[in-house]
Amino acid sequence: MNPAFRVLSARALALALLLSVGASSSLAFQSMDDVRAAATARGLTTADLLAAAKTFTPSGMLDEYVMFSSGGHSGQVFAIGMPSMRLLKTIAVFTPEPWQGWGYGVGEEVMAGGDYGGEPVRWGDTHHPALSETAGDYDGQWLFINDKINARVGVIDLRDFEAKQIVKNPLTVSDHGGTFVTPNTEYVIEGGQYATPWGSAYAPLSEYKESYHGSVTLWKFDRRAGRIDRSKSFAMELPPYWQDLSDAGKGASDGWFFLNSINTEMATGGIESGNPPFEAGVSRNATDYLHIIDWKGAERVFQAGKADMIEGFPVISIKTAVAEGLIYLTPEPRSPHGVDVAPKGDFVVVSGKLDPHVTVYSTAKLKKAVAAKTFSGRDDWGIPILDFDAVVEAQVEVGLGPLHTQFGPEGYAYTSLFLDSAVARWTMGGSYGAGTPEPDWTLVHKTPVQYNVGHIGVAEGDTVSPDGKYLVAFNKWSVDRFLPPGPLLPQNFQLIDIANQGTSMPVIYDMPIGMGEPHYAQICKADKLNPWKVYPEVGWDPLHQRADLMAPKPGMERVTRNDEEGSVEVFMTAVRSHFKPEHVAVKVGDTITWRITNIERAVDATHGFAIPQYNINLSLEPGETATVEFTAHTAGTFPFYCSEFCSALHLEMVGYLLVEPTE
Ligand code: K7E
Ligand code: RUQ
Ligand code: CUA
């Protein structure tokens, strides 16, 4: 064959290919020149384009991670895809959420578990989500979240991303240490915070030392039931030191957990009490106490019946804990905040807002000091204080206002610096030292963030095997990062690329989280999660996660009235695009039990069910059944309708509730 012809035909082929691609998509004619032109028009730099390439997630592409963020005083939890930083779902927990039907027909039963006399509390202040773990690694099954303002714990089932249980702490009204879980989710731990008398009863502040208590509660999690088992849960009394953040040991420190404290001064005031101003009062001492607690020992002591009943709840007294060797203290830099256990459990990192160092305790040294009784003294409750120098491995100067630490896979640790508005990367030593090119226990780099960072989260960053790759800075202030939606500005979640070693750690995305004030988040590999796309069967009861035998099914729709009792039962189905039955006639004063099933099997075919004036709005996902009970208190004509746009005939998905006056 003539070589020239061969060249020509290859060219012709390429041209034909180009044209055929071009015919189906104009993208074939886009080039890097177009990218450059678009970037220039918007003033984007090469670094911006690189950040976009690392985060931009085209339609249909799925995220690699799901971040579960606390929702702060929204009372909820946010599920956010990473690296796209797209909000996937607000998970309703402590606060009603109409688009999920939470608190408007369903959800009340879960929320009622957190009521404790007085008016039902219908919001929460969520701080620390904790994913369930197996062998110290996220298993993608459950999520726990504390409510700091009322001392409650929520349990979320990750099969459907819905809250299933709320438990109220009987001992206190204030929690902050947790939730976090032990390495096999044996316990969900909730450390109290601001000390109160037991049960938050009244006692004057002058009786602070005698009558006010700290505590930590170990909620037993029953994985099979998917619920906290209150009957197997217990608490430990602690001094009224305002315990703060906490973390469970793992690996080398399995069987222990660590809690810090911010007010060993036991200051409760205040100008009125003649003390120095409050803030100075609680941070007068040079150090506070890290609490080191043997939970496996505490479990044995509890099971041996050595707990006292307080507010109907078993509590191991400090006296018993000291006698049984369950609790130790050691000094920690003043105004400490975060305490975080390294992946192998061999180091415990504490940072104090008023000290520019992170303080690294060695598990081996802690154990040795406990065994050798290397005590520097005892506190007022007789708790042994381990000598600081005997248990500290290193102190690393990282910057101003260190708060929280997370870990990477290769031996880097990351600490948020509130006052510096930066995230520090530093190297660990010991068995991690070989993983990083820099010397052990040294600051490597600081990335500025915008602004006032609180927690940080690294992908799987507090498990036994951190992924690294991404770090998110949960910034308290955003100031100038977004268009101002009035004076209440959103918090700023900043995604940082930590895939490279050394000093490369750029911010690659900003996400305004315009709801609540998130604190901590845990970041789970998406392939560990395996949520249902539709409920397993038609007639599924999500609260109990089983088929409901009473669920209305096609062919058995009806309205039955018991004249004697004045009760009405409705069996209704919902399917595109009608409710059946469409008319429900009752009389004023009737008690109504309204059962409704979404009989759809198609993914995403959700129907709503809303009744005006009766404060009812359900979200019925495919297969879901729900039961609402109410009294027909108001006579009138009430068109109920589907509140989810489900089909072309969605607006026609309607019916009438007729409530006939009795006289
Ligand atoms: Cu975990 Cu915000 Cu509750 Cu630190 S706290 S910042
Ligand atoms: S109608 S498709 Cu409510 Cu204006 Cu929306
Ligand atoms: Cu069903 Cu809209």
Report summary line: The condition of being within 16 Å of ligand 2 (Cβ to nearest atom) and outside any loop (DSSP other than H, G, I, E, B) holds, among L651, L658, only for L651
Report summary line: Residue pairs qualifying under the 9 Å Cβ cut-off, at least six apart or on distinct chains, with the first in the range 644-661 being among the hydroxyl-bearing types (S, T, Y) and the second being away from ligand 2 (no atom under 12 Å from the Cβ) and not in a loop (DSSP other than H, G, I, E, B), are Y656/H583; Y656/V584; Y656/A585; Y656/T637; Y656/F638; Y656/P639; Y656/F640
Requested in this report: Could you identify the single residue in A252, A267 that is in contact with a Gly (Cβ under 7 Å, 6 or more places away or on another chain), farther than 21 Å from T182 by Cβ and either at pLDDT 95 or above or surrounded by 19 or more Cβ atoms within 10 Å (Cβ to Cβ) (or both)?
Outcome: A267
Query raised in the report: M511: over 23 Å from V341 (Cα atoms), assigned to a strand (DSSP E or B) and in contact (Cβ under 8 Å) with a residue 24 or more places away in the chain, yes or no?
Result: yes
Report summary line: Taking the range 581-639 and keeping residues among the acidic types (D, E) and under 12 Å from V659 (Cα atoms) leaves D590
Query - Single match in S233, S215 (criterion: within 22 Å of R378 (Cβ to Cβ), touching a strand residue (DSSP E or B) at 6+ places or on another chain (Cβ under 8 Å) and surrounded by 18 or more Cβ atoms within 10 Å (Cβ to Cβ)) - result: S215
Report summary line: Across the range 110-131, the tally of residues that are more than 20 Å from the chain's Cα centre (by Cα) and either within 16 Å of ligand 3 (Cβ to nearest atom) or not acidic (D, E) (or both) stands at 5
Report summary line: Taking the range 399-426 and keeping residues touching a Pro at 6+ places or on another chain (Cβ under 7 Å) and either of a type in the set (V, I, T) or within 16 Å of ligand 3 (Cβ to nearest atom) (or both) leaves T415
Requested in this report: State whether one or more residues within the range 136-153 are in a strand (DSSP E or B) and at positive phi.
Outcome: yes
Requested in this report: Report the residue count in the range 609-630 for those that are assigned to a strand (DSSP E or B) and either exposed (fewer than 14 other Cβ atoms within 10 Å of the Cβ) or within 16 Å of ligand 1 (Cβ to nearest atom) (or both).
Outcome: 1
Report task. Check whether at least one residue in the range 608-617 is within 16 Å of ligand 2 (Cβ to nearest atom), within 20 Å of G107 (Cβ to Cβ) and among the polar types (S, T, N, Q), and report yes or no. Result -> yes
Requested in this report: Could you tell me whether the range 131-150 includes any residue that is among the β-branched types (V, I, T), surrounded by 21 or more Cβ atoms within 10 Å (Cβ to Cβ) and in contact with a Pro (Cβ under 6 Å, 6 or more places away or on another chain)?
Outcome: yes
Report summary line: If we take the range 403-502, then strands (runs of 3 or more DSSP E) inside it with 2 or more residues that are within 16 Å of ligand 1 (Cβ to nearest atom) and buried (at least 22 other Cβ atoms within 10 Å of the Cβ) are 412-417, 422-427, 453-459, 468-475, 491-497
**Report entry** Residues of the range 334-390 that turn out to be buried (at least 21 other Cβ atoms within 10 Å of the Cβ), of a type in the set (S, T, N, Q) and not in a strand (DSSP E or B), as a count
**Finding:** 2
Report summary line: A careful count of residues in the range 288-333 that are in contact with a strand residue (DSSP E or B) (Cβ under 7 Å, 6 or more places away or on another chain) and in a strand (DSSP E or B) gives 19
Query raised in the report: Which one is nearest to the chain's Cα centre (by Cα) among residues in the range 631-663 that are exposed (fewer than 13 other Cβ atoms within 10 Å of the Cβ) and within 11 Å of ligand 3 (Cβ to nearest atom)?
Result: F645
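The values are calculated or read from the model by the stated rules, or taken from the named source; none is laboratory data. None of the values given here were measured: they were computed from a predicted structure. Counting neighbours? That spans all protein chains shown, and the Cβs are built from the backbone with ideal geometry, glycine included.
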